[in-house]
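Some notes on the structure that comes next.
Where a number appears in this text, it was derived from the coordinates with a stated rule and is not lab data. What you see is a predicted model; the values in this text were computed from it and never measured. Here Cβ is always computed from backbone atoms with ideal geometry, including for glycine, and neighbour counts include all displayed protein chains.
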Amino acid sequence: PLPRVALVGRPNVGKSTLLNRLCGSRVAIVEPTAGVTRDRIAVAARLSVKEGERWVEVIDTGGLGIVDRDDLGPHVEAQVDVAFKGADLVLFVVDVRDGVTPPDQMVANLLRGSKMPVLLVVNKAEGGGFDWEVETFHKLGVGGDPIVISAQNGEGLQDLRQQIIDQL
Ligand code: GDP
Ligand code: MG
């Protein structure tokens with residue numbers, strides 16, 4: 001079986017966009033409204049880097065659980081639960097423009113202390129210039145150095161692919 005990489009994070013941070021970017025085709029539904037990915041989607045992706053390539057299965061957990069904007073707890077718990085049961089690596093996705101939000105903290109609390117390897121992916125950073133904002137994500141205390149990307153235009157994706165491969 002392929003190594004499994006699970007995308008975890010509160011609604012609207014760009015998990016489905018990142019899945020599409022990693023897989024090179026439009027397989028996940030991306031909507032401007034929070035919480036519209038309805039299905040758990042798992043797709044094989046070929047990660048090409050300088051020194052070769054690696055196939056992985058990318059799982060978008062964003063469709064799990066009930067998305068209640070006032071109480072995202074059950075939703076993020078369902079994501080992390082599936083990630084813990086079936087994944088080899090978690091990509092914890094956050095939104096640089098929103099900074100650290102309470103649901104991000106909730107996800108971090110669930111991930112922290114587990115043995116699951118986690119990469120912290122800071123999305124929506126196209127154009128750069130977000131150094132200060134990126135620093136604030138260290139306080140989540142999980143995932144090591146933030147990997148700064150734009151799922152929308154592909155910035156930082158080579159670095160992310162490489163770091164995924166290095167973790168597996
Ligand atoms: P999900 O709920 O985490 O799966 O998020 P989506 O992938 O559905 O994206 C939510 C919204 O954020 C959509 O309007 C996307 O177009 C937008 N989005 C996703 N990635 C980026 C990005 O890198 N930059 C910007 N500016 N917007 C993004
Ligand atoms: Mg989604």
By DSSP, what percent of the beta bridges with both residues in the chain are antiparallel, rounded to the nearest 5? 40
Can you work out the Karplus-derived ³J(HN,Hα) for every residue in the stretch 146-163? Use 6.51 cos²θ - 1.76 cosθ + 1.60 with θ = phi - 60°, whole Hz, and x for glycine or proline. x, 9, 9, 9, 10, 5, 5, 10, x, 4, x, 5, 4, 4, 4, 4, 4, 5
Using alpha-carbon coordinates alone, the radius of gyration and Dmax of the chain in Å work out to 14.4, 45
Charges only on Cβ, +1 for Lys and Arg, -1 for Asp and Glu: so what's the dipole of the chain about the Cα centre, in debye to the nearest 20? 440
Choice from 12, 123, 153 with maximal GNM fluctuation in the chain (Cα, 10 Å cutoff): 153
Cut-off under 22 Å on the C-alpha distance; same-chain residues fewer than 8 positions from residue 124 excluded. Which lysines are left, in chain and number order? 15, 139
Only Cα pairs within less than 10 Å get springs; with that Gaussian network setup on the chain, which residue of 147, 66, 41 has the largest fluctuation? 66
Please identify, among 88, 104, 68, the residue showing maximal mean-square fluctuation in a Gaussian network model of the chain using a 10 angstrom Cα cutoff. 68
Karplus-derived HN-Hα couplings along the stretch 138-143 (A = 6.51, B = -1.76, C = 1.60, θ = phi - 60°), whole Hz, x at Gly and Pro: 4, 5, 5, x, 8, x
Could you work out the helix-only [θ] at 222 nm for the chain, with each DSSP H run of four or more residues adding -39,500 (n - 2.57) and the total divided by the number of residues, to the nearest 500 deg cm²/dmol? -8500 deg cm²/dmol
Could you pull out every residue, at least 5 positions away or on a different chain, whose amide H is within less than 5 Å of the one on residue 148? Hs are placed 1.01 Å off N in the peptide plane, and Pro or chain starts have none. 122
Which net charge results when you count Lys and Arg as +1 and Asp and Glu as -1 among the other residues whose beta-carbon is under 12 Å from that of residue 72? -3
